[in-house]
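Structure first, then comments.
Just so it is clear, none of the values below were taken in a lab; they were calculated from the coordinates. Only a predicted model underlies this, so the values are computations on that prediction, with no experimental measurement involved. Please note: Cβ atoms are built from the backbone with ideal geometry, for glycine as well, and neighbour counts cover all protein chains shown.
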Amino acid sequence: MPELPEVETVRRGLNDVTLHQTIEGGDVLLDRTIAHPFSAPDFLAGLQGTTIVQWHRRGKYLLAELEKAAVSGQRLAVSGQRLAVSGQRLAVSHQPSAVRSGETSIVAFPHRQIAASPSATYSPLPTPHSPLPPYSWLGVHLRMTGQLLWVNQTEPLEKHTRVRLFFGDGKELRFVDQRTFGQMWWVPPENAPEEIITGLQQLGPEPFSEEFSVAYFTQQLQRRRPIKNALLDQAIVAGIGNIYADEALFLSGIHPQTLCVNLTQSQIERLRSNVVQVLQASIEAKGTTFRTFRSVAGVNGNYGGSAWVYGRDGDVCRNCATTIERLKMAGRSAHFCPICQRLKKG
Ligand SMILES: [Zn+2]
C-alpha cells in the first residue's frame, strides 16, 4: 500500500510533468472509481477545460489545484470575479517566500500559519466559507494499488485502467488500479476540498509540520493502547502506514506492543524524530519498493532494500543478528527485533 513517501514521490512526479497543462477530456472505465460527483460524465465535465496549477499532498491524498480559463457566455462573469480574487491569492502565496525552497511547495493561506517543511508538502486546506478564490480541485487517493501514469494516449491500455484524463500533445494521465479501492473526486469551486473529500477532515497534522510537536505527540499518547496502533492512527499523525511505523519503532528501540502510557518522555521524543527521519529518507529514495508501486514515470523506488525490520521476519537483525519476528496487531503485521525492541511491562 502506498504510504506518505510514495504518495509524495508521485506528487513530485506529477508536478514535473503536468503543470500548466489543460485537461481536454477523459474517459471513465470504472464508474465506482469516481467518488464525486456521483456521475462520471459530471466528473469529466467539471475537469474539462481546467488547467493544473499545482499538485499538493495532504496525508495520502493527492490534490490538484485547477483553474479554468475564461470561456464564453455566462461563465465570463464568474471568471472575471475569479481573476480578481486570483490576483489577491498570488500576493498572499508570495508573501512567505521562505517556505518555497527546493522541491518544497507550500500553499500559504492568509488565515493559517505555515511551517516551513524540509522535504515534503504541507498544504493546509481552506476552511469552508473562507475568502479564498473559487478554484476547483481534483482529488486522488491511490489506496491499495492505485497508480497514476503519464503516458502517450497511443500507449496500449493496462489491464486495470480505470480513468483516463487527456491533455494536449497526445498526452494522458492514466489511473490504473488493480484492486479498485482507489478514488477520484472533482471538487467544484463552491466547495472546500474537505467538504467533498470527507476523509481529509479526520487527518491529524502532517509529520513535517510544526503542529507535530513533542508536546502534541506526548498529549496524543496518554492512552492505554499499543504504540504501533497509535502510529497507524491517521488522526494522530497523517500519512504513516505499516512500513514506516515498524521502521521508526525499531530505530527508537520500542516494542510495537508497548502501551503509549508506558513510554518515557525521551522515548516519545526519539520516536517523533525517527518518524520524521524515516519518512524523509524514503522520500529521498523516491519511495519504497512495492511490488505494485511505480512513480508517475514508471520507475520503482528503492527504500525496501534497506529496511531494518519491515518484511524481514525470519532474517537477522542488522544491529544484533537476532531473528526478526512478526506478530499480528489490529489486523496488520508488526515486524520487530525482540532484543533491540524489548517489551517493558508497566
Ligand atoms: Zn536487534
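Listing for the model above:
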item: Neighbour-count order for Leu4, Leu149, fewest beta carbons within 10 angstrom listed first; result: Leu149, Leu4
item: Shape category assigned to segment 211-282 from the gyration tensor of Cα positions, a/c cut at 1.5; result: rounded
item: Sites Ser266 and His20 - FRET efficiency at Förster radius 45 Å, r taken between beta-carbons, to 0.05; result: 0.40
item: Sequence ranges 306-319, 54-67, ranked by mean other-Cβ count within 10 angstrom, highest first; result: 54-67, 306-319
item: Under 30 Å from the Cα of Lys60 - lysines, other chains or at least 8 residues apart; result: Lys68, Lys159, Lys171, Lys228, Lys286, Lys328
item: Mean-position separation - Cα centroids, segment 312-346 and segment 192-237, in angstrom; result: 25 Å
item: Residues Lys286, Lys344, Lys328 arranged by fewest to most Cβ contacts within 10 Å; result: Lys328, Lys344, Lys286
item: Using a Förster distance of 25 Å, the FRET efficiency for Asn152-Glu284 (Cβ separation, nearest 0.05); result: 0.25
item: Pair Lys159, Lys344: separation of 7 Å Cα→Cβ label points (nm); result: 5.0 nm
item: Near-label residues of segment 239-279 by backbone N, under 11 Å of a point 7 Å along Cα→Cβ of Arg225; result: 260
